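Below is one structure, written out as structure tokens, with a few remarks after it.
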Amino acid sequence: MKTKLCISLFLLLSVRLFSQIPEEALRLSWYHAAGTARNMAIGGAVVSLGGDATANHINPAGLAFFKTSDFVITPGFRFGKDKGSFREANSSAASKSGFQLGTSGFVFGGIGYRSKTTVALTVSTIANFKQQSFYKGQNDYSSFAEPLADEFASSGLTIDQALNNSNISLQTKLALYNYLVDTATVNGSTQVIARSENTSNLNQENLIESSGGITEIALGIGHEVNKKVLVGISLGVPIVKLDRRTYYRESDATSDVNNEFGYMAYDERLSLKGVGVNLKAGIIFRPQEYIRLGIALNSPSLFILKETTRSGMAVNLENVPAPIPQTDSVASSVFTNSESTTNKYDLNTPTKIIISGAYVFREISDVNQQKGFITADIEYTNYTWMQFAPPDQNTSKDFYAPYNQAVDAIYKGAFNFKVGGELKFKIVMVRAGFAYYGDPYKDKELKGRKINVSGGLGYRNKGIFVDLTYVHRLNKDVNFPYRVNAPRANTFADLKENGGSVFLTVGFKI
């Protein structure tokens, strides 16, 4: 059994504005960005190495190594499959695959005074949301309807009043409409009930399908101050598009046909779109020809976001007394004048601080004589720096205070490590890399991490270069199907993703 004690504000988070929960902020902050095939092959470590178009999205000081102009394009193909473990039951989701874009664009090197300046305009997929997760199991402890009943009970409203009150969540209204949550006379007093809690055991399952990602356009400039010092800065414009369907179902796992509960199903469709802005700046220092040291600072992405949701609920109540219908369903549009629910908000992702070192074998100005390199990046980011904010002056900052408090309570700072190397054999290169993204969760029971193991080949000759890379993913995360009120315990699923990505970069000197 997987359970975790919750904090009281989780109830508010799950029923008031259920898409705008801390997990949404983490989704837009915790990812492995796609680069060029060369960069992906060496684990993504580029901060001190430079000389790659991906530097425009991490440490633009690395652009200053370019002395000629390049055009690069990096198509990629991603595939993978999730496994879920929920209350000691294991499940598998369907495989998901699709195309993605690694770093592509133009790098104009060797311009300006003494040909020491480089300008780059590139685009890259920095987060890919294409995924399907599925888990199921039996639960004799809690139900999806429990927090909905708690919300209704704490409101002090009648059912008719709650159905017409804008402060009551849509999920609770759907449950009230279908009599999943109701009032009943118990020992002579009126009490709020959730009929799914009448059964001693429930079958529960959750399917989450998502697509989209974050695509970033970056304009950067790198400059070689002297032989030892290179600096750079870039402006990034990340564009968010996320489409997600969540289908949750629970049913009576007993043979009792007189407990007034057969099953319930909740179906939600979410669309999240937005645009942001960020800055990246860095410096590379070469104390010796063969040693490179780098440091980069990536500012928060300041997102302006709009999410649209529509949902529905179906309920079957076995042998329920008339006039309550045994089977009923309702869409959220009944309560929203036939429109989807729209929320607008701002989100600031955390700052990233990266230090790096690289050792280049036979480092000389003629890159054709270089024999290879090893490089490593250490990145620190604190996920408590994520922050929700109002989209305009008409909304009070206090409205988002519980969400930001939840971010502080759930998440922590984490280190990410990237290491890679290359061996060069005249016009052919062999590469390998490793990347580890640390656990963002404060509680030790919640296990999350991302691991990439990569390898690739490269070809350079007569102004043309071709790189091919395979990246294997070994990711872990958690998912809560719903949250109940403290001191009740929450149940969650462990998710594992195994998959791969293939990247091909084709470039030309221009």
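All of the numbers you see were taken from the coordinates with simple rules; none came from a lab. Note that the structure is predicted; figures quoted are calculated from it, not measured. Positions of Cβ are backbone-derived with ideal geometry, glycine not excepted, and every protein chain shown enters the neighbour counts.
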Taking Cα centroids, how far is segment 111-132 from segment 219-298 in Å? 16 Å
So, by mean Cβ neighbours within 10 angstrom, what's the order for 457-469, 71-83 with the highest one leading? 71-83, 457-469
Computed ³J(HN,Hα) along segment 128-140: with the Karplus parameters 6.51/-1.76/1.60, θ = phi - 60°, integer Hz and x for glycine or proline, the list is 10, 9, 5, 6, 10, 10, 8, 8, 7, x, 10, 10, 9
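For the chain, what is the calculated [θ] at 222 nm in deg cm²/dmol (nearest 500), taking -39500 (n - 2.57) for each run of four or more DSSP H residues and dividing by its residue count?
Details: 7 runs with 52 residues, N = 510.
Result for the chain: -2500 deg cm²/dmol, rounded to the nearest 500.
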Is there a pair in K371/K426; K352/K412; K81/K241 whose C-alpha atoms are over 18 Å apart, and which pairs would that be? K81/K241
Mean Cβ-within-10 Å packing, highest first, puts peptides 122-133, 302-313, 287-298 in the order 122-133, 302-313, 287-298
What is the Cα radius of gyration of segment 444-510 over 2.2 N^0.38 Å, N being its residue count? 1.91
Mind checking which aspartates and glutamates have their C-alpha under 12 Å from K397, skipping anything on the same chain fewer than 8 residues away? D346
For segment 397-472, with equal point scatterers placed on the C-alpha atoms only and solvent neglected, what are the log10 I(q)/I(0) values from the Debye formula at q = 0.11, 0.22, 0.24, 0.26 1/Å, to two decimals? -0.52, -0.98, -1.05, -1.11
Would you work out the relative contact order for segment 197-245, in percent, from Cα pairs under 8 angstrom that are 6 or more residues apart? 44 percent
Debye sum, Cα scatterers, the chain, no solvent: what log₁₀ I/I(0) at q = 0.10, 0.11, 0.13 1/Å? -0.80, -0.92, -1.17
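Based only on Cα atoms, what mean projected area does the convex hull of segment 123-201 have, in nm²?
Values: hull surface 34.9 nm².
Quarter of the Cα hull surface area: 8.7 nm².
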Over the Cα atoms of segment 280-359, Rg to Rh with Kirkwood Rh, two decimal places? 1.49
What value in Å³ per residue do you get for the convex hull of the alpha-carbon atoms in segment 80-223? 192 Å³
Counting C-alpha atoms alone, how compact is segment 31-114: give Rg to one decimal and Dmax as a whole number, in angstrom. 18.1, 66
Tally Lys/Arg at +1 and Asp/Glu at -1 over every other residue whose Cβ is under 10 Å from the Cβ of D267; what's the total? +3
Label Y113 and V430 with points 7 Å out from Cα along Cα→Cβ: what is the distance between them in nm? 4.6 nm
How far is it, in nm, from the label point at S340 to the one at S396 when both lie 7 Å from their Cα along the line to the Cβ? 3.0 nm
Once the in-chain neighbours fewer than 8 apart are removed, the aspartates and glutamates whose Cα is under 17 Å from K136 read D82, E88, E205, E209, E250, D252, D267, D477, D494, E497
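When only Cα pairs under 8 Å and 6 or more residues apart are kept, what is the percent relative contact order across segment 179-297? Display every interim value, and only then the final one.
On the way: 237 pairs, mean separation 30.4, N = 119.
Rounded, it is 26 percent for segment 179-297.
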Please give every one of the lysines within straight-line cross-link reach of K116, meaning a C-alpha to C-alpha distance under 18 Å, and leave out same-chain neighbours fewer than 8 residues apart. K67, K227, K228, K509
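Determine the relative contact order of the chain: mean sequence separation of Cα pairs under 8 Å and six or more apart, normalised by residue count, in whole percent.
Numbers: 1512 pairs, mean separation 99.7, N = 510.
Contact order relative to length: 20 percent.
With 21 Å as the cut-off, how large is the P(r) tail for segment 306-446, expressed as percent of Cα-Cα pairs?
70 percent
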